[in-house]
Amino acid sequence: MLELRHVTKSFDGQRALSDVSFRAKTGEITVLLGPSGSGKSTLLNIVAGLAVPERGQVLWNEKDISSLPVHRRGFGLMFQDYALFPHRDVFGNIAFGLQMARQSSVRITKRVREVLSLVGLSNEFEHREVSSLSGGEQQRVALARALAPQPRLSMLDEPLGSLDRALRTRLLDDLSTILRKAGQTTLYVTHDQEEAYAIANRIVLLRAGHVEQVAAPEFLYRHPTSEFVARFLGLENLMPATAVRSGRQVWLKTPIGNLPAPNRIANGELVILLRPDAIHLDKRGSIQLKARLIKKRFRGRQLQARIEVKKTRLVLDLPSDVELPAIGKQIAISFDPKEALQVFPRG
Amino acid sequence: MAGERFSRERHSLDLQLILRNKFLFALLSLIPLVFLGLFYFYPLGSILALSFESEGFLKPFVEVFASVFLRSIVGFTFWQASLSTILTLAVGLPAAYLLARYRFPGKSFLRALSGVPFVLPTLVVAAAFDALLGPRGWLNLGLMRLLNLDSVPIHFVNTFTAILVAHIFYNTTIVLRLVGDFWGRLSPRIEQAARNLGANSWQTFRHITLPLISPALAAAALLVYIFDFTSFGVILILGGPRFATLETEIYYQTAALFDLPTAAALALIQLICTLALTLIYTGLIGRLSRPVELRAPRAIVRPFSSFGKRVAVMAFLAALALFFAAPLAGLATRSITRLEGERGQTGSGKPGITFDYYAALGQDQRGNIFFATPTEAIRTSLIYAGSTVFLALAIGLPASWALARRSYALLSRLLDPLLMLPLGTSAVTLGLGFIVALNSPPLDLRASPILIPLAHTLVALPFVVRSLAPALRSIRPRLHQAAAVLGAGPAQVLRHIDVPLVGRALIVSALFAFAISIGEFGATAMIARPEYPTIPVLIYRLLSQPGALTYGQALALSTILMLVTGGGMLAMEKLRVAEIGEF
């Protein structure tokens, strides 16, 4: 198991990582998710031993490995730009780590063929020059090179970053299968939340150098703990709110009206999230509002409706068998604050 | 951005490294600077000083332009260069188009073949044309025998035509490579779009293709012009005494008339012209990077659309291949053939295949004290070439290293254009500079055998740096990191990454320096001591001698030189790592 404790790092006096702590369990895929500049790659470099943290420790199975040099860590790293060796062919690239481990040439050949087929390349690729490979093939070779020495931990830095969309979708599935089949403990860096959902056992969400939230993908989606996380995950129906205490009840003043707070919260400026899938078209919920239908979009298993409530636009995710009135017509909606509302401090 | 973070870190690491090694860095970039200062700027400065000395500022120019003869030399230099360039383009452009757009058998062979003349020493090319078309060449002797003629039917050597043909032979490959490669990567979609919008094929070429390829076209034309402008061996040997350009006249004024001030004035005029042309050329090369949609060549080429077209095109290409191959094959075969009716034939040899000319390489035909045998010349050349390889690497390595470090220091920013300067300076001018500057204190190297390797190093340095610097630059920190992550310790990184990557470039540079030194004629002709001629100098002497055996010796020496330089270049092409290397 990999563990980071209070890792801090600055460049030119600017904080790149502050007090980062998390664990990556053996056999799991842990995704470091965050926008550009959130410190994901720096974190990978620290784990790999390519960069040294100012404070904090990197532990492997409870042992501090902070001062272990790069080549003794036994961690595989697949670089964002692949960094394939231009003077070695495909075989030479994949075999490199095994040669460094002084394995016999028979075992090297066997292992190279093994990982080649694992990443879905035929043996004919062995003697191709790396410069003659397509983007997708280079990606597979880079992955094979990182996996060949059977590293204790493999790290993938935006492995699909430079590929086009169609190829990405296909390779993402393959990647997930390959890593799970190998039972590989993995740190996976990406800025794309869909990629993270698709591959992660656990997501570490980074923001400007600190850990914002750590959770399994489903949990993260259902229970974001901050406005930033909610926005970054692409959740809609976020609006400003002000908490006002009236007796024992706290009310939220929002653009769509006053709503009872779902849980105990402090006074002040807040942001609320009205979950699109927790709004109903009947009177099931305790809060009932009048709305106007603006747009509907059929999305296969789901029907997405855009409505307007008191000049605020909201999105509803409905089952696809729901009958909607014509565009522009009035509709009634309802929701339960406990189920549908989430409240974050603003900012 | 994630990448930005990373690069900032790398930047700071490099900076620390540089600061720690600042002294070493300055020292290493000083080596090439001092070398250029002593052996490039000081000699050229001496030419400048000599041409202005005691005569007033504009006097030498006034003198040159007042003389009808010298004025006609300047005129002829421009005229022959212009005409050669136009003819080279006329041959090269259709071929460039065909290579770029069509698929046909022998395509890569033709491309490689066209490049062979470019790397051959001028003496070899001159000897090759002489062996094919000269008075003692295949064609003339063959025709004389066939038609029972008493005199030579084809007059090729010592004509203006010979100069033009040799220049086309030499430089067509520049057009093929610069224009053809660029054209080949231009997406045909752009042209198809124009056709779709109603342009006919001529309009498409005129308004779409031509403007797009024009930077490459201009760059190629200019480079060809520069080479033709400073052409030396071709004019001296194939043009003969009736034709004089600035380059040959500088040589003549120095070597025959010992009129150094006039030579210096001519050299200055030439220097100004070539520097201006080189500046324009580098500017154009910069514009070549204009963003146009480029594709991998394979996706673009197509087969011929009709049989007739195919036949016509193949005939043209076959003629071109013959044009490149015939003189070289003529040289090699002529060097092992004794023909009937050879003038001044000595010995008792019968017509037929013979290796006598090679066997005679150890013989001195004249007994002059200044005359060396071909074997001695080969030895001299090898010693000079070996020294040049050593010097060029000793100076080229630190220079490339400084360049690959990017521009942290003013020194290395200065170094880049400075190192390319000798490329735009004619060899004869360099030789003259050496004679003027290094013959007297403070730097008296007149009697020193190091003079020739020094001159050759100057000529070779731009090529050495151009193959070494990209290789050094290609060792991105990423590759080190990738190797380290895979378990390679610092020593293994050096052994498995750095050495293989730079090793090939080192061998390529060494071969470049060797090939340049062994074939260099212009500067060597100026400064070589008469008793120690190099191979090209001796070929020149032998070619201007009568006698079948001397002629045979010249051809045998030329053939050896052709094989050595051609083989060297072939090895370099093989060794070159894909992606690495610049034109």
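The values are calculated or read from the model by the stated rules, or taken from the named source; none is laboratory data. It should be emphasised that the depicted structure is a prediction, and the values quoted were computed from it without experimental measurement. As a convention, Cβ positions derive from the backbone with ideal geometry for all residues, glycine included, and neighbour counts pool all protein chains shown.
Restricting attention to the stretch B:370-397, the residues that are modelled with pLDDT under 85 and either charged (D, E, K, R) or within 19 Å of B:L30 (Cβ to Cβ) (or both) total 0.
When B:P533 is tested against (1) buried (at least 21 other Cβ atoms within 10 Å of the Cβ); (2) of a type outside the set (S, T, N, Q); (3) assigned to a helix (DSSP H, G or I), exactly one condition is not met: (3).
Restricting B:I269, B:I213, B:I237, B:I208 to those that are buried (at least 17 other Cβ atoms within 10 Å of the Cβ), of a type in the set (V, I, T) and within 30 Å of B:F156 (Cα to Cα) reduces the list to B:I237.
Considering A:V70, A:V119, which residue is at pLDDT below 90, closer than 23 Å to A:L167 by Cα and of a type outside the set (D, E, K, R)? Let's see the steps before the verdict.
Numbers: A:V70 fails: closer than 23 Å to A:L167 by Cα.
Only one candidate passes the filter, namely A:V119.
Among the residues in the stretch A:168-188, are any within 14 Å of chain B (Cβ to nearest Cβ) and surrounded by fewer than 21 Cβ atoms within 10 Å (Cβ to Cβ)? Looking through the stretch A:168-188, none of the residues is within 14 Å of chain B (Cβ to nearest Cβ) and surrounded by fewer than 21 Cβ atoms within 10 Å (Cβ to Cβ).
Quick one: in the stretch B:476-507, of everything that is touching a residue at least 24 places away in the same chain (Cβ under 8 Å) and buried (at least 16 other Cβ atoms within 10 Å of the Cβ), which residue is farthest from B:I395 (Cα to Cα)? So, considering only residues that are touching a residue at least 24 places away in the same chain (Cβ under 8 Å) and buried (at least 16 other Cβ atoms within 10 Å of the Cβ), the one farthest from B:I395 (Cα to Cα) is B:L501.
Conditions tested, residue by residue: (1) facing another protein chain (nearest Cβ under 10 Å); (2) more than 24 Å from A:A216 (Cβ to Cβ); (3) of a type in the set (S, T, N, Q); (4) in contact (Cβ under 8 Å) with a residue 12 or more places away in the chain.
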| site | (1), (2), (3), (4) |
| --- | --- |
| A:H6 | no, no, no, yes |
| A:A24 | no, no, no, yes |
| A:G37 | yes, yes, no, yes |
| A:L44 | yes, no, no, yes |
| A:G49 | yes, yes, no, yes |
| A:R55 | no, yes, no, yes |
| A:L77 | yes, yes, no, yes |
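Say whether the condition of being farther than 27 Å from A:F219 by Cβ, touching a Leu at 6+ places or on another chain (Cβ under 6 Å) and surrounded by 19 or more Cβ atoms within 10 Å (Cβ to Cβ) is met by at least one residue in the stretch A:291-308. Spell out how you get there, then give the answer.
Just the residues of the stretch A:291-308 that are farther than 27 Å from A:F219 by Cβ, to begin with: A:291-298, A:306-308.
Those left that are additionally touching a Leu at 6+ places or on another chain (Cβ under 6 Å): A:296, A:307.
The next check asks that each one be surrounded by 19 or more Cβ atoms within 10 Å (Cβ to Cβ); those that pass are A:307.
Yes, some residue in the stretch A:291-308 is farther than 27 Å from A:F219 by Cβ, touching a Leu at 6+ places or on another chain (Cβ under 6 Å) and surrounded by 19 or more Cβ atoms within 10 Å (Cβ to Cβ).
Mind checking which residues of the stretch A:282-296 are part of a strand (DSSP E or B) and touching a residue at least 40 places away in the same chain (Cβ under 8 Å)? Answer for the stretch A:282-296, where residues must be part of a strand (DSSP E or B) and touching a residue at least 40 places away in the same chain (Cβ under 8 Å): A:I287, A:Q288, A:L289, A:K290, A:A291. Among the residues of the stretch A:62-73, at least one is assigned to a loop (DSSP other than H, G, I, E, B), farther than 20 Å from A:H210 by Cα and within 11 Å of chain B (Cβ to nearest Cβ). Among the numbered conditions (1) at pLDDT 90 or above; (2) over 20 Å from the mean Cα position of the chain (by Cα); (3) within 12 Å of chain B (Cβ to nearest Cβ), the only one that A:V106 does not meet is (3). Listed by position, the helices (runs of 4 or more DSSP H) contained in the stretch B:187-306 that have at least 1 residues being acidic (D, E), modelled with pLDDT of 85 or more and touching a Phe, Trp or Tyr at 6+ places or on another chain (Cβ under 8 Å) are B:246-255. Just one of (1) surrounded by fewer than 19 Cβ atoms within 10 Å (Cβ to Cβ); (2) farther than 18 Å from A:P151 by Cα; (3) without any contact (Cβ under 8 Å) to a residue 24 or more places away in the chain fails for A:H87. It is (1).
So, in the stretch B:77-89, of the ones that are buried (at least 20 other Cβ atoms within 10 Å of the Cβ) and hydrophobic (A, V, I, L, M, F, W, C), which residue ends up farthest from B:L178 (Cα to Cα)? Give the derivation first.
Taking the stretch B:77-89 as the starting set, the residues that turn out to be buried (at least 20 other Cβ atoms within 10 Å of the Cβ) are B:77, B:80-81, B:84-85, B:88-89.
Imposing the further condition that a residue be hydrophobic (A, V, I, L, M, F, W, C) reduces the set to B:81, B:89.
Details: B:A81: 19, B:L89: 12 Å.
The qualifying residue farthest from B:L178 (Cα to Cα) is B:A81.
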